[in-house]
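Undergrad: My structure is below; once you've seen it, I'll send some questions.
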Amino acid sequence: GIGLHLVKEYTELHNGKIEVTSVEQQGTNFSVFIPTNLVPNENLQKLQENESEDEIMVLKGEAPLAEKARKKILLVEDNKEFREFLRDEMNERFDIIEAADGEEGELLAMKENPDIIISDIMMPKRNGFELCKAIKSNINMSNIPVILLTARISKSAEMTGYEMGADAYIAKPFSLALLFNRVEHLLALQLQRQKEFQQNIEVNPQKLTITPLDEDLLNRILACIEKNLSNSEYSIADLSKDVMMSRMNLYRKLQAITGQSPTDFVKTIRLKKAAQLLLENRYTIVEVAYTVGFNTPSYFTRVFKEQFGITPTQYLEKSGQNVT
């Protein structure tokens, strides 16, 4: 049904074609032909210029990262019985993936992009300290909160965990209520940071991120957007290239930190800058629109209202500024 229709549409966008042969009682063959030496046709180029991350990722063969209703937790524990116990207790509220050691845990973290990692410390191949350090020093995963579990309750061991970048440290034996509390607390903090980003005109990377690595990346992203603020043609592909990240990893990173896709994040930053410029009362609304990279004042007014709940004119009136 709709799947065949989508294949046909995407194939034609790439200047390709589909052929079908069918023999009764024997079967049907569909052949898809896509040329490799041609520039994508005009419709595909227009689509790539539009601000629709999911459509572009689908065309490139990548699955879009829709917002997850259930959070994903990676359990890293070499004790099979204890790991399965935690899985069984947590899988009603979370999607659980499992690893038997730190080495496997790191690979799964890169592949699955979990919302939280819960790891034992004493494990073969790579212990929990080493796993935590690897996660927090990898720009593609450094935003993932890590909870370390251990029977070592010494202050020095706890200090080592935090030095490796752990976000929480729980000594065994512990109650499941305590573990759930830590998980929910870390998720709530993440949501709180995202809400504050949405509500505040000023963007503070230090308050929005949990590692120096992420703070530095966000500062670089903001600098790139600021540099190209009036350039309406500045694309997510350009931004990815400028910060030296793949589009998928940039999508994952900004989605985790801000709760927004790169497209929405760039638009939000443009609108926050617009609000600041309006308060300076040095430019007309039309001038502000063009200054922050919007091609038409009408579109600027519409998205400004979506962001702040009022039009630019109402925003000026509310702040006591003269409307021009």
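Undergrad: Conditions first: (1) exposed (fewer than 14 other Cβ atoms within 10 Å of the Cβ); (2) in contact with a Cys (Cβ under 7 Å, 6 or more places away or on another chain). Glu226 passes all but one, so which condition is the exception?
TA: (2)
Undergrad: If you go through region 181-188 one residue at a time, do you hit one that is under 30 Å from Asn91 (Cα atoms) and either outside any helix (DSSP H, G or I) or under 16 Å from the mean Cα position of the chain (by Cα) (or both)?
TA: The first filter runs over region 181-188 and keeps only residues under 30 Å from Asn91 (Cα atoms), leaving 181-188.
Filter once more, keeping what is either outside any helix (DSSP H, G or I) or under 16 Å from the mean Cα position of the chain (by Cα) (or both): 187.
Yes, that holds for at least one residue.
Undergrad: If you take the residues in region 298-320 that are over 24 Å from Asn204 (Cβ atoms) and assigned to a loop (DSSP other than H, G, I, E, B), which one is most open to solvent (accessible area, probe 1.4 Å)?
TA: Restricting to residues being over 24 Å from Asn204 (Cβ atoms) and assigned to a loop (DSSP other than H, G, I, E, B), the top hit is Gly320.
Undergrad: All but one of (1) under 18 Å from Ile269 (Cα atoms); (2) within 18 Å of the chain's Cα centre (by Cα); (3) in a helix (DSSP H, G or I) hold for Glu226; which doesn't?
TA: The single condition Glu226 does not satisfy is (2).
Undergrad: Something else: Based on this model, can you work out whether Thr11 counts as loosely packed, with under 14 Cβ neighbours inside 10 Å and modelled with pLDDT of 50 or more? Spell out how you get there, then give the answer.
TA: On the way: loosely packed, with under 14 Cβ neighbours inside 10 Å: no; modelled with pLDDT of 50 or more: yes.
No: the conditions fail for Thr11.
Undergrad: Here is a list of conditions, (1) buried (at least 22 other Cβ atoms within 10 Å of the Cβ); (2) modelled with pLDDT of 95 or more, and Ile121 meets all of them except one; can you say which number that is?
TA: (2)
Undergrad: What helices (runs of 4 or more DSSP H) lie completely within region 79-161 and have 2 or more residues being closer than 27 Å to Pro212 by Cβ? Steps first, answer last, please.
TA: Details: elements: 80-90, 102-112, 128-136.
Those helices (runs of 4 or more DSSP H) span 102-112, 128-136.
Undergrad: Please enumerate the residues belonging to region 273-297 that are surrounded by fewer than 19 Cβ atoms within 10 Å (Cβ to Cβ), part of a helix (DSSP H, G or I) and either under 11 Å from the mean Cα position of the chain (by Cα) or among the charged types (D, E, K, R) (or both).
TA: Listed by number, the residues that qualify are Glu280, Glu287.
The values are calculated or read from the model by the stated rules, or taken from the named source; none is laboratory data. The structure presented is a predicted model; accordingly, all values stated were derived computationally and were not measured. Cβ atoms come from the backbone with ideal geometry, glycine included; neighbour counts cover every protein chain shown. The area values use the complete protein model at the heavy-atom level, side chains included, leaving out ligands, DNA and RNA. Shrake-Rupley method; radii C 1.70, N 1.55, O 1.52, S 1.80 Å.
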